[in-house]
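Shown next, in structure tokens, is the structure this report addresses.
The values are calculated or read from the model by the stated rules, or taken from the named source; none is laboratory data. As the structure is a prediction and not an experimental result, all values here were calculated from the model. Cβ placement follows ideal geometry from the backbone for every residue including glycine, while neighbour counts extend to all protein chains displayed.
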Amino acid sequence: MNRIVFVIVAASVLLYALFEVWRGSSSESADSDQPTLVVYCAHDAAFAEPLLKAFERESGIAVQIRFDEEANKSLGLTNLLLTERDNPRCDVFWNNQTLGTMRLQQAGVLQPYRSPNAERIPERFKDPDGHWTGFAARLRVYLINTDRMPATEEAIQERLESDDLSRVAIARPQFGTTLSHYSILAARQGMDWLKSWHSDLHARGIREVRGNSMTRDLVAEGVCDLAFTDTDDAFGAIDRGRPVQMLPVRTPTGQTICLPNSVALIRNAPHPEAGRQLIDFLLSESVELQLAQSSARQIPLGPIDESQLPAELTELQSWAKQAADLTGAAEVNQQVLNWLTAEHTGQ
Amino acid sequence: MIYWEVLAWSVLRAVSLSIVALPPAVAIHRQLRHHSGFGRRTLLVLSLLPLFVPDLVIGFTYRLTASRLMHSAIATELLYAGLLLFRLTAFQLAVLLLMPVSGVSDSSVHSWNLIPRRDPSWWLMAVRLRMQGPWRPMVVGVLAGVLIGLQEFETAALVQVDQHPIALSVWLFDAHAGGENLLISLRYVATTVLLQLALLVPAFRLLPKGEAADTAADSATAAVRSWTRLTPVLFFVIAGILTLVVWPVWSNAAEALIGFKVQFARGELDRRLVQVLTSLLPSALAAVLSLLAAAILLQSARRWVLACAVVPGLCGSLFISLLLLGLFQLPGFRIFYDTSLPMILGMFLFALPRAVLLAYVLRVLLPQTSRHSLTLLKTAQSKSVRQQVERLWWRFVEVRWLIAAGILTHWCFWDVAIVSNLRPVRFEPTVLRLYSEMHWGRSEDLLATTFLAAIAPVFVCAVAAAVWRAFAKRRRR
């Protein structure tokens, strides 16, 4: 009896899977002029979903979105795209930073596309061959608990040079924007400098926590005095009325670290034409303005109607203009990741 | 911290906590055996409730506490140990309740003790008698507790702010997510699987092979029905309920209510409910399949086939999902990549070892002879006998299998790694939405949906049970 029921249930699952295959292929052939675009999106759904829905309404193209899961759980859309390289189901990748996209470019996963709207983005925030284009950026910042220490560059410097860093937090550098931060430092100062800086911070007891939102919470709750985080996380604490302020993280040569979103077309994407339309849409002034007006306050990279920008973005825009070039960072990104993984596993 | 250090730390914690969890589990078990009626049922429900609180809720509730304790490694470890201890106690209690107590009577053990000779062979037999007798449920409980402690991931990941609590499951995840080669990751996992098998094999060997013994005559757990003994038991159970149920609900209820109001006002409540129910479907299918497969394997397969079948599940959901992700990229399998098949297959493999355990327990609980007698009586001439048999069949067979399927569904539903890696693009399971909302800090939405997700499966199980019973009654008429 058990065997019969097992076979029936297993066969039903298989039949349903076949039905899904058939439905997928028949809807593609029937609606080839109205394709369903598949977008992998690493930007937070709360901000990205309304924009992608607006695109659906404007273009009449249906969009299926796969968001990145919370950093603690996700192996990342970048890794997934690498796995799917020979059989892509994704058309457009909207990454919430740039280095992962550059890694995909190096692996041959991306298809060049020069969007007309990419003209408004400065050269240093886009690939010269059009494999990807940056827009709406974040900055790496120090978040300071103002009840605990003054929010000045001198006070931060003094704290970072002290012997005890047990009240300073940084996110685990194997993931997210902290990995980009490390890669930029490696590109500018060299791997040896980075390794020595990293081990020096740890020798003095810096707290390495699971993510940028955790570093923010530690400072906002007064558990730590100072943390490395991103502007969008920092605004989360500022908007909740916590006693915090932010100042930009700078490289030893004085440059800030600006990490734009990036958008790219996938090589052999099932719907390249619809994908190009979405890229044009995302690189428009209107999308950059909406992302700037969101609670994440992303910094527009192209020209924009300044009168509509939130006041606090003016200072961020001036910091973004002092940003370090990301090109070299992409080249050492994998090397940095390999070293950090070896550090983690003790090999 | 290197692999062996993390492994040693995790094993040490799992073993210590599993041993510490045993005395309260035994004490609760004794009280349950010597009480009846409403008091017994209440104590039973309260004692087992911690098993069914989603890890996400516990981790989310205690994340901020853990961050405040960050400067003390000991305090963070103690917090995690406390959270795990209450659940291990509930788990071991479940094992004690389900395990037939003894194939060796207490009088046999006593008789052996009366033999005056005390040489090594006497001691060996004394231990063997106890292992087959009064110690058996406790040893199985401890071994299974160690397994659960080692596999625990969600709470450890959520309360791990800095280095502590050190947990192997989290360490393995970080190593792989950081870009560690899959083969090297699998090498790490292989050691862990061997360790788990080393625990499972003796546990399986200790499980009785056929008939369940009469447990009522056992005096090993005899206890005096007195409030003096009941008080510490109640104290422990209440502490567990306060920590794992009341505090998470109390501290999050206000935000959850706001979340419900907002969702209702935006007309999103029904969408969320549909999402929960849709997410439940693949989990339920995988649970039913794994339970059926477990029953078939236990009925007919050799032990080595059984061991091979449970190995993928012992590797953990992360590695099942990575292997299937690779498999469904290969020609021949690729056609099914963006369908529900990889996800359901992943859940099935993940649930199979647990399903084997549950199916085994169900088999032991209703020996073949009793089952056969019931089957024969179903065709009795007398209508009243048939009705009585129907009631017994429902109570001793169907309800138990339904509960087992419900428990497996619950485990599959709340697992993150499989759905995160293997789901089709158009399908967004509730549990992933919850993790994303936690990341974005939208705690009202998160908590409202979590409560919905925690309640809906119970409601669906209850409806399924009612439908099943009505259908079964009609069929037998």
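Consider A:L194 carefully, then state whether it is within 27 Å of B:R68 (Cα to Cα) and either in contact with a Pro (Cβ under 7 Å, 6 or more places away or on another chain) or in contact (Cβ under 8 Å) with a residue 24 or more places away in the chain (or both).
no
Out of all the residues in the range B:393-407, is one or more small (G, A, S), within 14 Å of another protein chain (Cβ to nearest Cβ) and surrounded by fewer than 20 Cβ atoms within 10 Å (Cβ to Cβ)? No, because not a single residue in the range B:393-407 is small (G, A, S), within 14 Å of another protein chain (Cβ to nearest Cβ) and surrounded by fewer than 20 Cβ atoms within 10 Å (Cβ to Cβ).
For the range B:66-76, give me each residue that is buried (at least 16 other Cβ atoms within 10 Å of the Cβ) and either among the charged types (D, E, K, R) or part of a helix (DSSP H, G or I) (or both). B:A66, B:S67, B:R68, B:T76, listed by residue number.
Restricted to the range B:270-293, and to residues there that are free of Cβ contacts under 8 Å to residues at least 24 places away in the same chain and among the aliphatic types (A, V, I, L, M), the residue that is surrounded by the most Cβ atoms within 10 Å (Cβ to Cβ) is B:L292. Taking the range A:83-128 as the range and being more than 14 Å from chain B (Cβ to nearest Cβ) and of a type in the set (K, R) as the test, the residues that pass are A:R114, A:R120, A:R124, A:K126.
Which members of the range B:392-402 meet the condition of being modelled with pLDDT under 85 and either of a type in the set (A, V, I, L, M) or under 12 Å from the mean Cα position of the chain (by Cα) (or both)? Residues satisfying the conditions are B:L392, B:V397, B:V399. Checking each residue in the range B:298-326 for being touching a residue at least 12 places away in the same chain (Cβ under 8 Å), over 21 Å from B:L195 (Cβ atoms) and either within 19 Å of the chain's Cα centre (by Cα) or surrounded by fewer than 20 Cβ atoms within 10 Å (Cβ to Cβ) (or both) picks out B:L298, B:G326.
Of the residues making up the range B:158-169, not a single one is surrounded by fewer than 17 Cβ atoms within 10 Å (Cβ to Cβ), within 12 Å of chain A (Cβ to nearest Cβ) and in contact with a Leu (Cβ under 9 Å, 6 or more places away or on another chain). Scanning the range A:39-52 for residues that are part of a helix (DSSP H, G or I), within 14 Å of another protein chain (Cβ to nearest Cβ) and not acidic (D, E) yields A:A45, A:A46, A:F47, A:A48, A:P50, A:L52.
When the residues of the range A:36-85 are filtered to those that are of a type in the set (D, E) and within 29 Å of B:I335 (Cβ to Cβ), which remaining residue is modelled with the highest pLDDT?
Out of the qualifying residues, it is A:E56.
Take A:I279 and tell me if it is within 14 Å of chain B (Cβ to nearest Cβ) and modelled with pLDDT of 95 or more. Answer is no for this residue. Comparison of B:V311, B:V305 shows that the only residue that is closer than 25 Å to B:S420 by Cβ and either out of contact with any Lys or Arg (no Cβ under 7 Å at 6 or more places or on another chain) or not hydroxyl-bearing (S, T, Y) (or both) is B:V311. The single condition among (1) surrounded by fewer than 22 Cβ atoms within 10 Å (Cβ to Cβ); (2) modelled with pLDDT of 85 or more; (3) within 14 Å of chain A (Cβ to nearest Cβ) that B:H410 does not satisfy is (3). Among the candidates B:L79, B:L84, B:L56, B:L12, the residue that is in a helix (DSSP H, G or I), of a type outside the set (F, W, Y) and touching a Gly at 6+ places or on another chain (Cβ under 7 Å) is uniquely B:L84. Filtering the range A:334-347 to residues that are without any contact (Cβ under 8 Å) to a residue 60 or more places away in the chain, assigned to a helix (DSSP H, G or I) and at the interface with chain B (Cβ under 8 Å from one of its Cβ atoms) leaves A:N338, A:T345. Within the set A:R210, A:R172, the sole residue that is free of Cβ contacts under 8 Å to residues at least 40 places away in the same chain and closer than 25 Å to A:N261 by Cα turns out to be A:R172.
Within the range A:273-287, identify whether any single residue is among the β-branched types (V, I, T) and under 30 Å from A:P35 (Cα atoms), and answer yes or no. Give the derivation first.
Initially, the range A:273-287 is screened for residues among the β-branched types (V, I, T), giving A:279, A:287.
Subset that is under 30 Å from A:P35 (Cα atoms): A:279, A:287.
Yes.
If the requirement is being within 13 Å of chain A (Cβ to nearest Cβ), at pLDDT 80 or above, surrounded by 14 or more Cβ atoms within 10 Å (Cβ to Cβ) and under 30 Å from A:I238 (Cα atoms), which of these qualifies: B:V419, B:V425, B:V431?
Result: B:V431 is the single residue among B:V419, B:V425, B:V431 that is within 13 Å of chain A (Cβ to nearest Cβ), at pLDDT 80 or above, surrounded by 14 or more Cβ atoms within 10 Å (Cβ to Cβ) and under 30 Å from A:I238 (Cα atoms).
Candidates B:L32, B:L49, B:L43, B:L17: the one that is within 30 Å of B:Q196 (Cβ to Cβ), of a type outside the set (S, T, N, Q) and surrounded by fewer than 20 Cβ atoms within 10 Å (Cβ to Cβ) is B:L49.
Considering B:L446, B:L452, B:L374, the condition of being within 13 Å of chain A (Cβ to nearest Cβ), assigned to a helix (DSSP H, G or I) and either surrounded by 15 or more Cβ atoms within 10 Å (Cβ to Cβ) or within 21 Å of the chain's Cα centre (by Cα) (or both) is satisfied by B:L446 alone. Given the condition touching an Asp or Glu at 6+ places or on another chain (Cβ under 8 Å) and either at pLDDT below 85 or within 20 Å of A:A171 (Cβ to Cβ) (or both), answer yes or no: does some residue in the range B:134-152 qualify? Yes: one or more hits.
There is no residue in the range B:254-270 that is closer than 17 Å to B:W414 by Cβ and at pLDDT below 90.
Please tell me if A:L77 is closer than 14 Å to A:Y40 by Cα, within 14 Å of chain B (Cβ to nearest Cβ) and touching a strand residue (DSSP E or B) at 6+ places or on another chain (Cβ under 6 Å). When the stated conditions are applied, A:L77 passes them.
Can you find a residue in the range B:193-203 that is modelled with pLDDT of 85 or more and touching a helix residue (DSSP H, G or I) at 6+ places or on another chain (Cβ under 8 Å)? Taking every residue of the range B:193-203 in turn, at least one turns out to be modelled with pLDDT of 85 or more and touching a helix residue (DSSP H, G or I) at 6+ places or on another chain (Cβ under 8 Å).
Surrounded by fewer than 18 Cβ atoms within 10 Å (Cβ to Cβ), facing chain A (nearest Cβ under 9 Å) and farther than 13 Å from B:A286 by Cβ, is that true of B:Q329?
Against the criterion (surrounded by fewer than 18 Cβ atoms within 10 Å (Cβ to Cβ), facing chain A (nearest Cβ under 9 Å) and farther than 13 Å from B:A286 by Cβ), B:Q329 qualifies.
Within 15 Å of the chain's Cα centre (by Cα) and either buried (at least 19 other Cβ atoms within 10 Å of the Cβ) or at pLDDT below 90 (or both) - does that describe any residue in the range A:107-114? No, the conditions are met nowhere in the range A:107-114. For the range B:4-31, a residue qualifies if it is under 19 Å from B:D162 (Cβ atoms) and of a type in the set (F, W, Y), and exactly one does: B:W9.
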